[in-house]
Protein chains: 2
Amino acid sequence: MKLLVVEDDETTGTYIARGLREEGHTVDLVTNGRDALIQATSVGYDVLIVDRMVPQIDGMTLVKTLRGAGNRTPVLFLTSLGSVEDRIEGLTAGGDDYLVKPFAFGELSARVAALARRAPTVAQETTLHAGDLTMDLLSRRVIRAGREISLLPREFAILEHLLRRKGRVQTRTMLLEAIWDISFDPMTNVVETHISRLRAKVDRPFDTDLIQTVRGAGYRIDA
Amino acid sequence: MKLLVVEDDETTGTYIARGLREEGHTVDLVTNGRDALIQATSVGYDVLIVDRMVPQIDGMTLVKTLRGAGNRTPVLFLTSLGSVEDRIEGLTAGGDDYLVKPFAFGELSARVAALARRAPTVAQETTLHAGDLTMDLLSRRVIRAGREISLLPREFAILEHLLRRKGRVQTRTMLLEAIWDISFDPMTNVVETHISRLRAKVDRPFDTDLIQTVRGAGYRIDA
DNA sequence: CTTCGACCACCAGCAGTTTCATGGACAGAT
DNA sequence: ATCTGTCCATGAAACTGCTGGTGGTCGAAG
């Protein structure tokens, strides 16, 4: 099982990591929130073990950020704070379990195993690609050929939708339902307009066109 | 097996219902979307057979509504013409299969049986093959001998129709009804013209011909 | 067995229609 | 006031159906 431990206290961190490794798991250890975010988004973990109090990005914010980006990896919070409020906050932020220090290693191990069993994880994508274009869902950034492209929210949503369904034609109706959440024909060319604006930013300044029109059907980004 | 047929055309509806009853199934028949919704939610069916175009609530919306309510009954769509857009939606909106009218009853029967078994192969039937040619319905792409062929909507529809009925001769009349949705002779040679254009793209650049003329009858793609 | 005529199929080009792209105007939200 | 989302009008491009000429096929008659 692949685990990430986020703990700034060196002693505690290595102690946990060694214990889990002895149980046969692969363990990465980072000591601050930013590294944790990078690791968690670039590597697929089965469970994250996160100290509430770590430098740069605190554990709570870290998890909220991951959840916001669609990452559903189960999280076990470690904390020396044990107030009821803290627990509630931890659980509602998307953290799946909570362990108050000091704890017996056996309990940690058992909870990690339980979390992993409860939510068999598939590594979550946080970046989407097509050709020389990269979309980072966490930072909400789009880069093409080294240049950053700034997109409006709606444009971002459309591009994300197309990228997630790379190679498949998306009809106007599908887009209307997915992006605008309406299931009827608005009798206008909203979709065309937004596609046009998106193209102006994403395709026009570059040589090759990513967004393709499929006449009589819809739009598509090539695989 | 308990089945619900949603079809507003009386002739077709009773035809389907009788055929299925003769196979030993219990069949309910309704002629509009609202009755269908009521029936489907109050009675447990094994498969729904739904015409795309029915009064009050159209087939598409009906199924979406059911899915939204957590109903996972497999659905077989019946669609007469079917614009390209309609077809793509049918494949991805939660309907498990679709059948283009006119169809052989045997085919309907087989598909219903497959759906009831929840055979995953049916739902994934989004690519059609013949020789070295592959048609991907989702991406709306046709590849032959590694090369991509770009087809116009009508050409695409014809090729799809022929591929779905591989080995069987399709008469001009059948094509007119299936692709153009007209049941009279237009007194022109539309079909020939489009077949010709299709051949120019699909057959001429290659060694062997897929589309064969059956003199005095129609066209066929060999199995 | 060949020839002829009738029929059928093929195909290139044209023109009408439909569909799509785009720039600009406008209204609502922040 | 600025930014965002929507609507509208226009022009361009794509698509479709038709026409008419050409070539091929079949059967019957010579």
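Points to keep in mind about this one:
- In nanometres and ascending order, the distances from the A:Asp209 label point to those of the other copies are 3.5 (point 7 Å from Cα along Cα→Cβ).
- Sorted from nearest, the other copies put their A:His129 label points 2.9 nm away, the label point being 7 Å from Cα in the direction of Cβ.
- C-alpha center-to-center spacing [region B:147-218, region A:1-73] in angstrom: 59 Å
- Candidate cross-link partners of B:Lys2 among the lysines, defined by an alpha-carbon separation under 28 Å and a same-chain spacing of 8 or more, comprise B:Lys64, B:Lys101.
- Across region B:127-221, Cα-Cα pairs more than 22 Å apart make up 22 percent of the total.
- Average beta-carbon neighbours from other chains, 10 Å sphere, peptide A:128-136: 0
- Amide N of region A:183-223 lying under 18 Å from the label point, which is placed 7 angstrom from the Cα of A:Asp132 along Cα→Cβ: A:199-212, A:222-223
- Solvent-accessible area lost on pairing B with A (1.4 Å probe, both sides summed) amounts to about 1000 Å².
- Each residue was assigned an accessible area with a 1.4 Å probe, and for A:Met60 the value is about 10 Å².
- List A:Glu7, B:Glu10, ordered by accessible area with a 1.4 Å probe, largest first: B:Glu10, A:Glu7
- Percent accessible area from carbon and sulfur atoms, region B:127-221, protein chains only, probe 1.4 Å: 50 percent
- Rg/Rg_ref, region A:179-223, where Rg_ref = 2.2 N^0.38 Å and atoms are Cα: 1.28
- Other copies of A:Asn32: label-to-label distances in nm, shortest first, labels 7 Å along the beta-carbon direction: 6.8
- Sequence-separation-based contact order of region B:127-221, relative, with Cα cut under 8 Å and 6+ spacing, percent: 29 percent
- Efficiency of FRET from Cβ geometry, A:Lys201 and A:Asp8, R₀ 51 Å, rounded to 0.05: 0.80
- Tail weight of P(r) past 18 Å, computed on alpha-carbon pairs of region A:1-72, percent: 32 percent
- The solvent-accessible area of B:Ser183, taken with every protein chain present and a 1.4 Å probe, is close to 100 Å².
The values are calculated or read from the model by the stated rules, or taken from the named source; none is laboratory data. The shown structure was predicted, so the numbers you read here are calculated from the model rather than taken from an experiment. Quick reminder, even Gly has a Cβ in these numbers, built from the backbone with ideal geometry, and neighbours come from all protein chains shown. Just the protein is used for accessible areas: all its heavy atoms, side chains included, with ligands, DNA and RNA removed. Shrake-Rupley method; radii C 1.70, N 1.55, O 1.52, S 1.80 Å.
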